[in-house]
Structure formats: structure tokens, C-alpha cells
Amino acid sequence: MAKRKPKLAVWKFASCDGCQLSLLDCEDELMAVADTVEIANFLEASRRVTKGPYDLSLVEGSITTPHDAERIRQVRRLSKYLVTIGACATSGGIQALRNFKDVKDFIRIVYATPDYISTLDKSTAISEHVKVDFELRGCPINKRQLLEVISAFLGGRRPNTPAHSVCVECKLRGTVCVMVAHGTPCLGPVTHAGCGAICPAYARGCYGCFGPMETPNTASLSDWLIGLGASEGEIARTFHGFNAWADEFRQAGDLNEKKQDDQS
Amino acid sequence: MKKSKTIKVDYLARVEGEGALYVRIKGGVVEDVKLKIFEPPRFFEAFLRGRHYDEVPDITARICGICPIAYQMSAVHAMEDAFEVKVEGQLRALRRLIYCGEWIESHALHIFMLHAPDFLGYEDAIQMAKDHREIVERGLRLKKTGNQIVSLLGGREIHPINVRVGGFYKVPDKRDFIDLREKLERGRDEAIENVRWAARLSFPDFEHDYEFVALRHADEYPFNEGQIVSNKGLEISARAFDEHFIEEHVSHSNALHCVLKGRGAYLVGPLARYNLNFDRLSPLAQETAREVGLTEVCRNPFQSIIIRSLEMLYAFDEALRIIDQYEKPDSPSLEIQPRAATGYACTEAPRGMLYHRYRVDDGGIILDAGIVPPTSQNQKTIEGDLRQFVTGRIEMPADQLTLQCEQTIRNYDPCISCATHFLKLHLERE
């Protein structure tokens, strides 16, 4: 009898759909993936839903509603391995900018009929709710890395996704440092690799969409950015971006914001 | 005895985002129709306040992973409207080119992976590939070429990084297009084949006298510029959008229903663009439309798969035209001087007209943002279609009717992620 194909599930929480779209953007590999795994639950692509348990669940999006906080626990129960894909699932995403405000007041001001809206005060990462087996970074994720993660989990090994900074990727790509050569502010020194250092190759600074690298020195980088003429407010905004709720970026942003407030 | 029937789909499949369908039939009459949108809101318009204008194209791209270029284009054009800057010449052409890439990528996704399985009787494109491998493979090839345009100009397919207010961060050399050009030529041939294939599908007999709304430009098929026009006499600029359109808050949806004041539901997207701009399509696209038996008017939303295929052909044709006349501009972007003002823009996202409005202070900080995506404009029309469609088919077996209701929704390629993220926000002024 033929060996049972591993079952793959893709789940969506608060997000833009871009990370799950990365799987459909693997135009050259998609049919091969479909030959290797059973796509058992992927609503964006199929009406067909096969019941769990699932061998691998890819989770996109952050938790922002009581219903989703419950749903992710269910997904965990049904999944042998649970991997988060992208900044929303891994750090709360751009919608975590709400976390810096008092959302209850905010909703009352915002909506004509607040009763229609059910939302939590914070947008949080999946790992704040359930055990996560692996976190794939990026806003959006890199599709090569996605294929690596799928292959690794189905093959029973850890994915090979380096945790060094974007700076290393610039060197590998042969891109001249935009900060040193052009004085362009860049988050590359503190940002997790994975994108392939796209922004500096297009003559702009990295804006940190892959979130913090391992042990980033955000204080030193902040000093450098001040030296290049950036204001504390601008630096705070840059850290409070697509991974604003990742600890290191949140703290670095808060610190710069505080400095700015102290000055005014 | 009077028959009661409820059609319920808790999680709509093959749409972007989370939605549900609810239809209640009683005594042979459709009593209630709801396209429920329960995707959680993400409050973009709220947290855009206090951000710098230069960040807005990157931030708004994150509303939608399928059409980030549309958000970037509406954002930069609105900002340039506020700062009284006009991007012209090759930079303008490159913006059309990157939009061509997004239309191809997004239309190919919808035609082959989301919509075609309905016509051919499969649950998804993977199942469909077992019997129609060459069709699915063609779709993937076309989609890939669209993505290649976006990657080349934007740095990556999803959430590209190269678009900025005033132009781009970096512009390509002429020679960068050599490889792409070949693929576009092949793609254009396949796109013609694809229109012929789509036209041979069988379509339910269904028409409606819609009010179509789209941009119309003096001599181009619309992407970034033009007046907002309709087939029922509307003709306004983007600046007058708020005077003519109004958003209604309904309990069953986390997205507002946008309607024309005093007129009601209207339709945006490929069908609207086609009906209002047939004469602006390239000769090749017009000729192909006639060849497959289309006239200048198409009111059957199920045939939107043919129109999307035609628009994809147009996008290949237009991309080739732009590349062939390309000369690298001296500077990748224009100088921007922020000033206190409000800017407005509409551009044509793959799914239809996308409106952005920003009020900015003299330091370039956003004070207020307003965004109306295509899907919230189409919601009311989709519900109208469902009502009309079910009314004529009440006796149809439930599972078949459910499937066809889903198809009625998928005709619009609804992007629920977009729609939800734009609940209209009225914040008190500080």
C-alpha cells in the first residue's frame, strides 16, 4: 500500500493573506508540493477540507479577537507541528500598533456602532497563546524559506534559516553599505536575515520587516542613526513598524520616544 | 405546505479572507441574503495617523498581500495630489508597468486557482490539474510572469519595496528588461489562447442592469488616472468621491457597504472597466474580444472570467509597449516638499476602484486617512446578485444551489482582507 501523504493545513488569523499567498506564488514548485503532501485545509485555495489531525500547520496572522484566541488552541490540538509564517503570526504584525493605545476608548471614538465590533485590546503573536514549533520571519515571508521549512518538518529536521543580520546578506549579495557610503539610515544591522537584503539593493535603508535578529544592539544603532541626522521621533517610528510588538523593537522604539518626549 | 430552506456556508473558500454566506428562503421567496464578513478589523486608518507620508505606501501595502501595488499606487497619487507634484514621462510609465504586473498576477490567481474550478467542477486547482494539467500549468506560467514584472520593479512580489511618493527608489536600466521581454511575448500569446479558452466555458443565463463605476482616461485603459465615470451619468474627479459615495454600517459585516448617494448599489472591477473603456483597450485586446463573440457590453458577472482574461491580455500588450519605448530617466524620483493639504486619488486595483484620501500637516505627518477598497463597494451588488440568482432557482437541489451561490460571490474576486481593514473610522479631532 502506498505510504500516506503527510497532511498540510494553512490557517489564517488577522493578516493580509500575503504569507499564505507565498505558497501559491511558488509557481514552479506548487504541483510538486501538491504531489508530496495532502493539502488538507487551505481555504484560500480549496473548498475541500479534510479533518485533522494534521502533520504540519502553517499559521498566518495575529490574534486580535476572543474567538481567534480560542480557535488557535483548537488548531494547536489538531497539529503535530505548528509553524507561524510571517510578522503578524510571529510578532503581532503592523496591526499591533493598536497595542500602544488604549483600545477601549479608541473603539468607542472610532465606530458609530461599537457593539458590532468584537476585538481584543492587543494584537499578539501566536506564541503568546500556544506552543509554536518554529517561527518563520518576514512581512512577507520569503517563499524559498517557506519551501525549506515545509521540507524540513516533513523530513524531520530543523529548518536552515540563518538568524544573523541583514548586513551579512548585503555582503553576500555584494551590495555597498547604504549607511556607510550614502548616509542612508538602515535597520539592517539589527534586523533578522531572510529577505536577501532587498532594500539596500534598491538604494534604500532596511525598514526591519523581518523583525529583530538574535541579540540586536539597538542602542548602538540608534546612536548611529542620530549621527546621520535622524530624529528620535523618526527612529521610534521605524522601530514601531511591521514588528512593533517584538520585544527588542518595541523597547528600542519606546526608548527613543521617551527621549523625544523629554526633549520637548 | 410552504417550503423553508436555508443556504449556509460558514467559511467561504477560494476567496481572499474570511467571509460567510447566508440565504434564507421561505414560502418560495428569498427572505434574507447576507454576505457576512467576520475577518477581524486591523484599524489601518487609525494607526496611519501620526505616521510620516513617506511610510504610507509601505504601510498600506500590508492591507492586502494580493494587491499591494494598488494600495501603493493610490497612496502615492493621493500624496502627490496633496503636495501638487505630477509624476510624468518614464516614471509614470514605470508605474503603469508595475500595475500591469499586479493585474496579471492577481487575475491569473483568480482565473485559474479560484474561479475556473467552479466552471469545470472541481474543488480546487490541484484537483483540476489531474484532468486539466496544461490549463493549470499555463495559469502558473502567466502568473509567474506577472510576478516577475512586480519583482523586477518592486524588489519582491508581495509588499514590494521600491515604490515611493515622487517615483521610485531605483529605476531599472533598459537592459534589465531583456529576459522579461521574451517572457512577456510568450505570455501575450498564451494570454490570447486563454481568452479563447475562457470564452468556451459555459455560463449561467444571468444578467443585471448594473451601474458600472470605473476610471476613464482620455486615451488609455485606466490604471492610475482618470475621471470616475458610470454608465448612468456619473462623471466626477477623485476629489469629489466623498460627496457622491456613502458608506453604510451593517451589523453582519466588519466592512462597510459603499453606495452611490441617492442611487444605491454599483459595481466596480473588470466588468465595469470593460463596459466603460472598451474603446481604450489595445487593438489586439479589442480584436480578441470580438473574435470570441463579445460585444462592447457584458452584463453577465459569470463572464467576468473572460473579461479578466482579456484584461490580462491587455496588461501583457501594454507592458510590452512600455518596455519598448523605455529610456532610463535621469532621476528615480521627484523632489517632494510636504505642505499642509488634503490629497485624493483613485486607481484601478485588479478588483476595482480603490480610493485613498489623506490630510497631511506641513511636516508631512498624516492627520487623517480615508480608504475605500473595491470589495466594500461591491458587497451590496454581490448580495443583490445572490438574491436575484436564488429567486430564479429556488427549486434547485441545495448542494448545487450552494455551490452556485459561492460562484456568484467568486465572480467578484472579493478580497475580504481588504474590505475589512477599512471600516470607516471617524476619530475625534484632537
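Of the residues making up region B:221-247, those that are part of a loop (DSSP other than H, G, I, E, B) and of a type in the set (D, E) number 1. Taking the conditions exactly as written (out of contact with any Cys (no Cβ under 6 Å at 6 or more places or on another chain) and free of Cβ contacts under 8 Å to residues at least 24 places away in the same chain), does A:K12 satisfy them or not? Spelling it out, it is not the case that A:K12 is out of contact with any Cys (no Cβ under 6 Å at 6 or more places or on another chain) and free of Cβ contacts under 8 Å to residues at least 24 places away in the same chain. From the list B:A218, B:A191, the lone residue that is among the small types (G, A, S) and either part of a helix (DSSP H, G or I) or at pLDDT below 95 (or both) is B:A191. Consider region A:198-212 and keep the residues that are surrounded by 24 or more Cβ atoms within 10 Å (Cβ to Cβ) and either at positive phi or touching a residue at least 60 places away in the same chain (Cβ under 8 Å) (or both). The one that is nearest to the other protein chains (Cβ to nearest Cβ) is A:C209.
Looking at A:S127, A:S151, A:S123 in this structure, which one is within 14 Å of chain B (Cβ to nearest Cβ) and not basic (K, R)? Being within 14 Å of chain B (Cβ to nearest Cβ) and not basic (K, R) holds for just one of A:S127, A:S151, A:S123, which is A:S123. Under the condition of being of a type outside the set (K, R), outside any strand (DSSP E or B) and surrounded by fewer than 24 Cβ atoms within 10 Å (Cβ to Cβ), the residues counted in region A:73-93 number 3. Within region A:229-247, track down each residue that is outside any helix (DSSP H, G or I) and either more than 15 Å from A:S264 (Cβ to Cβ) or within 9 Å of another protein chain (Cβ to nearest Cβ) (or both). Hits for region A:229-247 are A:G229, A:A230, A:H240, A:G241, A:F242, A:N243, A:A244, A:W245, A:A246. The selection criterion, being buried (at least 22 other Cβ atoms within 10 Å of the Cβ) and in contact (Cβ under 8 Å) with a residue 24 or more places away in the chain, holds for B:H159. Among the residues of this structure, A:A69 does not count as one that is under 22 Å from B:V15 (Cβ atoms), of a type in the set (G, A, S) and surrounded by fewer than 23 Cβ atoms within 10 Å (Cβ to Cβ). Condition first: over 21 Å from B:S106 (Cα atoms), of a type outside the set (G, A, S) and under 24 Å from the mean Cα position of the chain (by Cα). Now tell me which residues in region A:34-55 satisfy that. Result: A:I39, A:N41, A:Y54, A:D55. Right, B:V165: under 21 Å from B:P332 (Cβ atoms) and either touching a His at 6+ places or on another chain (Cβ under 6 Å) or more than 10 Å from chain A (Cβ to nearest Cβ) (or both) or not? Considered against the rule, which asks whether it is under 21 Å from B:P332 (Cβ atoms) and either touching a His at 6+ places or on another chain (Cβ under 6 Å) or more than 10 Å from chain A (Cβ to nearest Cβ) (or both), B:V165 comes out as yes. Among the criteria (1) in a strand (DSSP E or B); (2) within 22 Å of B:E248 (Cβ to Cβ); (3) within 14 Å of chain A (Cβ to nearest Cβ), the one B:I409 does not fulfil is (1).
Okay, residues lined up against (1) over 20 Å from B:I228 (Cβ atoms); (2) out of contact with any Phe, Trp or Tyr (no Cβ under 7 Å at 6 or more places or on another chain); (3) surrounded by fewer than 23 Cβ atoms within 10 Å (Cβ to Cβ):
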position	(1), (2), (3)
B:Y314	yes, no, no
B:P329	yes, yes, yes
B:R339	yes, no, yes
B:T347	no, no, no
B:Y358	no, yes, no
B:I365	yes, yes, yes
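Take region A:96-116 and flag every residue that is surrounded by 16 or more Cβ atoms within 10 Å (Cβ to Cβ) and either at pLDDT below 95 or farther than 30 Å from A:G52 by Cβ (or both). Once the filter is applied, which keeps residues that are surrounded by 16 or more Cβ atoms within 10 Å (Cβ to Cβ) and either at pLDDT below 95 or farther than 30 Å from A:G52 by Cβ (or both), region A:96-116 yields A:L97, A:R98, A:N99, A:F100, A:V103, A:F106, A:I107, A:V110, A:Y111. Residues that are assigned to a strand (DSSP E or B), of a type in the set (A, V, I, L, M) and within 23 Å of B:S230 (Cα to Cα) were ranked within region B:367-390; the one that is farthest from the chain's Cα centre (by Cα) is B:I371. Among the residues examined, B:K183 does not qualify as assigned to a loop (DSSP other than H, G, I, E, B), modelled with pLDDT of 95 or more and among the basic types (K, R). Scanning region A:46-66 for residues that are away from chain B (no Cβ under 11 Å) and either buried (at least 17 other Cβ atoms within 10 Å of the Cβ) or among the aromatic types (F, W, Y) (or both) yields A:G52, A:Y54, A:D55, A:L56, A:S57, A:L58, A:V59. Would region B:45-55 turn up any residue that is over 18 Å from A:W11 (Cα atoms) and more than 11 Å from chain A (Cβ to nearest Cβ)? Yes, that holds for at least one residue. Restricting attention to region B:381-404, the residues that are within 27 Å of A:S15 (Cα to Cα) and either surrounded by fewer than 19 Cβ atoms within 10 Å (Cβ to Cβ) or modelled with pLDDT under 90 (or both) total 1. For region A:1-42, enumerate the residues that are within 11 Å of chain B (Cβ to nearest Cβ), over 22 Å from B:V15 (Cβ atoms) and either aliphatic (A, V, I, L, M) or assigned to a loop (DSSP other than H, G, I, E, B) (or both). Within region A:1-42, A:D28, A:E29, A:M31, A:V37 meet the criteria. Can you confirm whether B:I236 is touching a strand residue (DSSP E or B) at 6+ places or on another chain (Cβ under 8 Å) and either outside the structural domain of B:D81 (by TED's automatic domain parsing) or within 28 Å of B:L21 (Cα to Cα) (or both)? Here the answer is no, as B:I236 does not meet what is asked. The residue of region B:127-156 that is farthest from the other protein chains (Cβ to nearest Cβ), among those that are farther than 18 Å from A:C139 by Cα, β-branched (V, I, T) and crowded, with 21+ Cβ neighbours inside 10 Å, is B:I149. Step by step: first the residues of region B:23-42, then only those that are more than 14 Å from chain A (Cβ to nearest Cβ), touching a residue at least 24 places away in the same chain (Cβ under 8 Å) and within 29 Å of A:R71 (Cα to Cα), then the one that is surrounded by the most Cβ atoms within 10 Å (Cβ to Cβ). Which residue is that? Going through the qualifying residues, I end up with B:L35.
Output yes when any residue across region A:73-86 is in contact (Cβ under 8 Å) with a residue 12 or more places away in the chain and within 11 Å of chain B (Cβ to nearest Cβ), and no when none is. The answer is yes, given that some residue of region A:73-86 is in contact (Cβ under 8 Å) with a residue 12 or more places away in the chain and within 11 Å of chain B (Cβ to nearest Cβ). Is it the case, given these coordinates, that B:R24 is assigned to a loop (DSSP other than H, G, I, E, B) and outside the structural domain of B:L367 (by TED's automatic domain parsing)? So B:R24 does not fit the description; no.
Every residue, every condition in (1) under 24 Å from A:S62 (Cα atoms); (2) surrounded by fewer than 20 Cβ atoms within 10 Å (Cβ to Cβ); (3) without any contact (Cβ under 8 Å) to a residue 12 or more places away in the chain, yes or no:
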| residue | (1), (2), (3) |
| --- | --- |
| B:L12 | yes, no, no |
| B:F44 | yes, no, no |
| B:Y53 | no, no, no |
| B:K86 | no, yes, yes |
| B:A93 | no, yes, no |
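The values are calculated or read from the model by the stated rules, or taken from the named source; none is laboratory data. Quantities reported herein were computed from a predicted structural model and do not represent experimental measurements. When we count neighbours, we look across all protein chains shown, and the Cβ atoms used for this are built from the backbone with ideal geometry, even at glycine.
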